[in-house]
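See below for the structure under consideration.
Please treat every number below as a calculation from the coordinates, not as lab data. Keep in mind it's a predicted model, so treat the numbers as computed, not measured. Here the Cβ is made from the backbone with ideal geometry for all residues, glycine too, and neighbour counts use every protein chain on show.
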Amino acid sequence: MRIASMIIAAFTVAIIAPLASGETDLAHHDTVRHNADMEQTDPYTITGATNLMEMSPRTPGGTLKAIVEIPTGTSAKWELDKHNPHSVNWEFRNNEPRVVDYLGYPGNYGFIPGTALPKELGGDGDPLDVLVLGQAAPRGAILDVRLIGVMKMLDDGEQDDKLIAVMTERSPFSGIENMAQLDAEYPGVRDIVSIWFSNYKGQDGDMVSSGFGDVDDAQAILDQAVDSFTPID
């Protein structure tokens, strides 16, 4: 019963504001809070004083920072503005705000600041993607997280790995330190994450999960991405 309750909670977001109208209805974008230190300047943009990419990825305590772009359970596809790292924007595709046509994200999806993994090292030049397991956090939130592993993904034949992390406090997963412990204490979570990412783009999405690496694999990817990072002006 505990696992069933956890799964239900992971895909549920409390309604805290009236729904928008028109093209944004499907995403219920106004039901999701954003970081109190950021301002929503329009329906598609939140902006703050902090340059999100100039932050150190590591904390003095040895954990990491993760910036939430897409809270757990939501489907609106937001991302860091590559040209203005003070902002997080709702991604547009075909002149429409992008909404994932699947179940909501199975964790808080975002990025590690101060990282960039170039293509020659298996990345795409963008900040490292991270999925933070646990209950929904506000969009734009800066979370203190612990790496526990990495999911090996191919997106249309290209490597697109996702770091797996947990919040270090105030989360059911905060005591998890590696993938083996995750499997022992929360059976099925690994499978949920793998199935979700393999299918969220649809039957023609060509997303393939090729398994998980543990903490050492994730740490090696992080180290490469930190060394490869060049600050955005």
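Basic side chains Lys and Arg get +1 at the Cβ, acidic Asp and Glu get -1 at the Cβ, and with that the dipole of the range 2-227 about its Cα centre reaches some 660 debye. Relative contact order of the range 2-227, taken over Cα pairs closer than 8 Å and 6 or more residues apart, is 19 percent.
Could you work out how far the C-alpha centroid of the range 46-97 sits from that of the range 99-119, in angstrom? Here the two parts' Cα centres lie 9 Å apart. Bridging of K65 to lysines at a Cα separation below 19 Å is possible for K82, K162, once same-chain residues fewer than 8 apart are set aside. Taking a ≥ b ≥ c as the square roots of the Cα gyration tensor eigenvalues, the range 126-233 comes out rounded, since a/c falls below 1.5.
Treating each Cα of the range 70-144 as one equal point scatterer and applying the Debye formula with no solvent, the log10 of I(q)/I(0) at q = 0.21, 0.28 Å⁻¹ comes out as -1.05, -1.34. With bins 10 Å wide beginning at 0, the percent of Cα pairs of the range 2-227 falling in each bin runs 8, 35, 39, 17, 1.
Considering only T31, G205, S194, the residue lying farthest towards the positive end of the dipole of the range 2-227 is T31, judged by Cα position with unit charges set on Cβ.
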